[in-house]
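Trainee: Submitted below is the structure of interest, expressed as structure tokens.
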Amino acid sequence: MDGIIQGLSNFRGTVFPGQQQMYRQLVRDGQQPQALIIACADSRVSPEHITQSGPGDLFVCRNAGNIVPPFSQQNGGVSSAIEYAVVALGVRDIVICGHSDCGAMKGLMNPEALGSMPNVAAWLRHSHAANRIVCEAYPEGMDPKERHRAIALENVVVQLNNLRTHPSVAAALAGGKLRLHGWFFEIESGQVLAYCGERGRFVPIDEAASVPVAQAPAARLATPEFAGSHVLAAE
């Protein structure tokens with residue numbers, strides 16, 4: 001804890017005085033984050049650091065495995081964060097960010113290692129689809145490192161699908177007011193991959209002409225007689 005306390009002391013004595021006006025403005029005007037980022041709790045993965053964002057820029061929710069449980073009537077921290085970000089804060093973008101060397105995904109590959117962590121094992125049930133996809137749709141005999149990476153990437157896509165089950169997200173998507181993103185941070189290289197919903201694969205962000213999105217904003221209604229007026233209202 002000594003290093004943490006020293007950091008607090010440096011912030012209060014050196015950093016905060018030069019940023020006090022900004023913090024006072026954040027209190028006065030409230031927060032208006034650009035996006036909600038759901039990332040892994042891994043200590044090596046900091047959304048604010050990766051995106052070089054400052055206080056008030058991001059609404060961040062972190063948990064083991066960057067998981068989004070499907071919507072249910074049982075309340076949970078991730079579900080509450082999503083609802084608050086979309087309804088109260090009006091974020092226009094949600095990013096689910098996975099990463100390389102993820103311990104949660106290693107747990108999926110080796111469930112026997114979770115024998116003494118029943119809560120972790122139960123939490124990871126929300127990622128079982130990613131493991132099943134790799135087991136059944138990918139080539140047999142994959143190298144363990146390749147398999148781990150594939151599971152971590154597929155997990156981002158699985159969590160995007162879970163995200164769409166949340167009423168606040170479904171309504172914002174139908175209203176054309178929200179974009180969904182799937183990112184994958186490679187710790188060893190610093191590169192970030194983005195999932196392209198149209199192409200069904202991840203693309204390096206720095207190689208793309210524009211940042212791919214998992215789901216772009218597009219107002220829609222399933223009822224034909226109301227669809228036209230709905231699109232006009234969204235515009």
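The values are calculated or read from the model by the stated rules, or taken from the named source; none is laboratory data. What you see is a predicted model; the values in this text were computed from it and never measured. In this analysis, Cβ positions are derived from the backbone assuming ideal geometry, glycine residues included, and neighbour counts consider all displayed protein chains. Surface accessibility is based on the protein's heavy atoms, side chains included, excluding ligands, DNA and RNA. Shrake-Rupley method; radii C 1.70, N 1.55, O 1.52, S 1.80 Å.
Trainee: For region 1-73 and region 172-198, write down the distance between their C-alpha centroids in whole Å.
Mentor: Using only Cα atoms, the two centres lie 19 Å from each other.
Trainee: While we're looking at this one, here's another question. Just to verify a number: FRET efficiency for residue 128 and residue 219, C-beta to C-beta distance, R0 = 30 Å, to 0.05?
Mentor: 0.35
Trainee: Something else about it: Helix by helix, which DSSP H runs in the chain go 15 Å or more along their axis at the Cα atoms and have an average Kyte-Doolittle hydropathy of 0.5 or more?
Mentor: Values: long enough: 16-29 (19 Å, -1.22); 144-163 (28 Å, -0.33); 224-234 (16 Å, 0.61).
Those that pass (Cα extent of 15 Å or more, hydropathy at least 0.5) are 224-234.
Trainee: From the Cα gyration tensor of region 110-151, with a ≥ b ≥ c the square roots of its eigenvalues, which class applies: rounded if a/c is under 1.5, or else prolate if a/b is larger than b/c, or else oblate? Please list the in-between numbers first.
Mentor: On the way: a/c = 2.96, a/b = 1.84, b/c = 1.61.
Prolate, since a/c reaches 1.5 and a/b exceeds b/c.
Trainee: From zero up to wherever the largest Cα-Cα distance of region 43-175 sits, split into 5 Å bins and tell me the percent of pairs in each.
Mentor: Binned Cα distances yield the sequence 2, 9, 18, 21, 19, 15, 10, 5, 1, 0.
Trainee: Roughly speaking, what is the stretch gain from residue 187 to residue 16, that is 0.36 nm per residue apart minus the C-alpha to C-alpha distance, in nm to one decimal?
Mentor: 58.6 nm
Trainee: Same structure again: Checking the a/c ratio against 1.5 first, then a/b against b/c, what shape does the Cα gyration tensor give for region 1-98?
Mentor: The shape class here is oblate.
Trainee: Calculate the FRET efficiency for residue 161 and residue 72 from the Cβ-Cβ distance with a Förster distance of 22 Å, rounded to the nearest 0.05.
Mentor: So, using R0 = 22 Å, E works out to roughly 0.90.
Trainee: May I ask you to give the solvent-accessible area per residue for the chain, in square angstrom, as obtained with a 1.4 angstrom probe?
Mentor: On a per-residue basis, 57 Å².
Trainee: Going by amide H atoms built from the backbone, whose H comes under 5 Å of the H on residue 191, apart from near neighbours?
Mentor: 186
Trainee: Taking amide H positions as placed 1.01 Å from N in the peptide plane, with prolines and chain starts having none, which residues 5 or more places from residue 179, or on another chain, fall under 5 Å of its amide H?
Mentor: Result for residue 179 returns 93, 94.
Trainee: Still on this structure, I have one more. Taking H as built 1.01 Å from N, whose amide H comes closer than 5 Å to the amide H of residue 65, not counting residues under 5 places away?
Mentor: Result for residue 65 returns 41, 42, 104.
Trainee: Taking all protein chains in place and a 1.4 Å probe, what share, in percent, of the accessible surface of the chain do carbon and sulfur account for?
Mentor: It is 53 percent, rounded to a whole number.
Trainee: Would you please put 30-36, 190-196, 134-140, 3-9 in order of how densely packed they are, using the mean number of other Cβ atoms within 10 angstrom per residue and starting with the highest?
Mentor: Packing proxy ranking, top to bottom: 190-196, 30-36, 134-140, 3-9.
Trainee: Thinking of region 173-221 as a set of Cα atoms, what percent of all their pairs are more than 12 Å apart? Intermediate results must be reported in sequence, preceding the final value.
Mentor: Values: 735 of 1176 pairs.
Considering region 173-221, 62 percent of its Cα-Cα pairs are separated by more than 12 Å.
Trainee: Quickly estimate the mean residue ellipticity at 222 nm for the chain, helices only: each DSSP H run with n ≥ 4 gives -39500 (n - 2.57), and the total goes over all residues, rounded to 500.
Mentor: That calculation yields -12000 deg cm²/dmol at 222 nm.
Trainee: Stretch residue 142-residue 199 to full length: gain in nm at 0.36 nm per residue minus the Cα-Cα span?
Mentor: 18.2 nm
Trainee: Sorted by accessible area (1.4 Å probe), largest first, how do 50, 94 line up?
Mentor: The ranking, largest first, comes out as 50, 94.
Trainee: Next up: Rounded if a/c is under 1.5, else prolate if a/b beats b/c, else oblate: with a ≥ b ≥ c from the C-alpha gyration tensor eigenvalues square-rooted, which is the chain? Write out the running numbers ahead of the final one.
Mentor: Values: a/c = 1.63, a/b = 1.03, b/c = 1.59.
Because a/c hits 1.5 or more and a/b fails to exceed b/c, the chain counts as oblate.
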